[in-house]
1. Looking at the stretch 255-281, which of its residues are under 14 Å from I311 (Cα atoms), of a type in the set (F, W, Y) and surrounded by 22 or more Cβ atoms within 10 Å (Cβ to Cβ)?
2. Can you tell me which residue within the stretch 117-143, out of those that are among the small types (G, A, S) and touching a strand residue (DSSP E or B) at 6+ places or on another chain (Cβ under 7 Å), is nearest to W223 (Cα to Cα)?
3. Given the conditions (1) assigned to a helix (DSSP H, G or I); (2) without any contact (Cβ under 8 Å) to a residue 60 or more places away in the chain; (3) among the acidic types (D, E), and given that E131 satisfies all but one, which numbered condition is not satisfied?
4. For M315, work out the one condition from (1) crowded, with 17+ Cβ neighbours inside 10 Å; (2) in contact with a Phe, Trp or Tyr (Cβ under 6 Å, 6 or more places away or on another chain) it doesn't fulfil.
5. Taking only pairs six or more apart or across chains, which ones have beta-carbon atoms under 8 Å, a first residue in the stretch 318-336 that is more than 17 Å from Q209 (Cα to Cα) and outside any helix (DSSP H, G or I), and a second residue that is modelled with pLDDT of 95 or more and of a type in the set (D, E)?
6. Could you name every one of the helices (runs of 4 or more DSSP H) located completely within the stretch 137-254 that has at least 3 residues being over 18 Å from the mean Cα position of the chain (by Cα) and crowded, with 23+ Cβ neighbours inside 10 Å?
7. Go through (1) at pLDDT 95 or above; (2) in contact with a Gly (Cβ under 9 Å, 6 or more places away or on another chain); (3) farther than 20 Å from Y265 by Cα for R195 and report which single condition fails.
8. If we keep just the residues of the stretch 282-299 that are surrounded by fewer than 20 Cβ atoms within 10 Å (Cβ to Cβ) and modelled with pLDDT under 95, which is nearest to Q209 (Cα to Cα)?
Amino acid sequence: MKKALITGITGQDGSYLTEFLLKKGYEVWGIIRRSSSFHTGRIDHLYQDPHNQPKLHLVYGDLTDGTNLASLMSEIAPDEIYNLGAQSHVRVSFDIPIYTVNTDALGTLRLLEAIRSGKRKVKFYQASSSEMFGKVVETPQNETTPFYPRSPYACAKVYSFWQTINYREAYGLFACNGILFNHESPRRGETFVTRKITRAATRIKLGLQDKLYLGNLDAKRDWGFAADFVEAMWLMLQQDKPDDFVIATGQTHSVKEFLDEVFGYLGLDWKKYVEIDKRYFRPAEVDILQGNADKAAKILGWKPKVTFKEIAKLMTDADMDIAENEKIIKEKGNKK
């Protein structure tokens, strides 16, 4: 039975990847940060399933603690490592740049060092980001497009990208970068624009909220489905040779288009409810990101399955369930 170690297991991608690997028969170990509150909501259904308990393990650790990471590597002896842990919010990275770099950049270096200093052959996946392209020099972007990062988050990801390649070439590590473009799902964090929209739209529909405040509505992104993208991560580590791959749908849509899909699906006109708040603009904007995943299609045999419209509908349906439950609780409280 193969063992996989996942950083960021409680996040959107971590939860989908865990599901995927468990179905493949893996034993999965996930690193979680110690906190006074539980943040395992996305994987509770997996952890509480008696069929998974012998195969799913959670251990405390942190990408800022290299000694702990090396110890965990020795104890767990994984066959594959998926580094998904990060301070992943681009706008927030401007507010906490040092923490972002310590986690997202140096955290990757600590993992690579732990692998290098260990005796076991381990395959390593690094979650790189389309944000590295930033102020794009060509469209669409592929594996040879130069980077032009426009945030502390993107700069940290560029550092990790090149360190992964450096350790691959200098020490012979099986280390891959997945340059993933935006990928969404009902498990997306509520501070990310797509989930912020579906969460607010459903609450507005049920009379629980009046307004939605957003930043740049003209920003265009290549939006895919998270569950599709984690399969690409796994496929990279099943190849004979390590390499780097862009994972994307090849199609772009603006924030306005996402608003059209979600509010239109609910029979609402978003223009009546959405207001612009300058606090949500980035100091340095990224106007358009569009990926060319031809290499992944050719070598990995990977292609996206879920469309933009389907993603919007899936997320809206899931958030409508949450909003309906919220309304029931509120009405019960009002009757007391």
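The values are calculated or read from the model by the stated rules, or taken from the named source; none is laboratory data. Values in this document were obtained by computation on a predicted structure and should not be read as measured data. Every residue, glycine among them, receives a Cβ derived from its backbone with ideal geometry; neighbour counts consider all protein chains shown.
1. F258, F263
2. S130
3. (2)
4. Answer for M315: the failing condition is (2).
5. Between residues of the stretch 318-336 that are more than 17 Å from Q209 (Cα to Cα) and outside any helix (DSSP H, G or I) and residues that are modelled with pLDDT of 95 or more and of a type in the set (D, E), there is no close pair.
6. 193-205
7. Only one criterion in (1) at pLDDT 95 or above; (2) in contact with a Gly (Cβ under 9 Å, 6 or more places away or on another chain); (3) farther than 20 Å from Y265 by Cα is unmet by R195, namely (3).
8. R282
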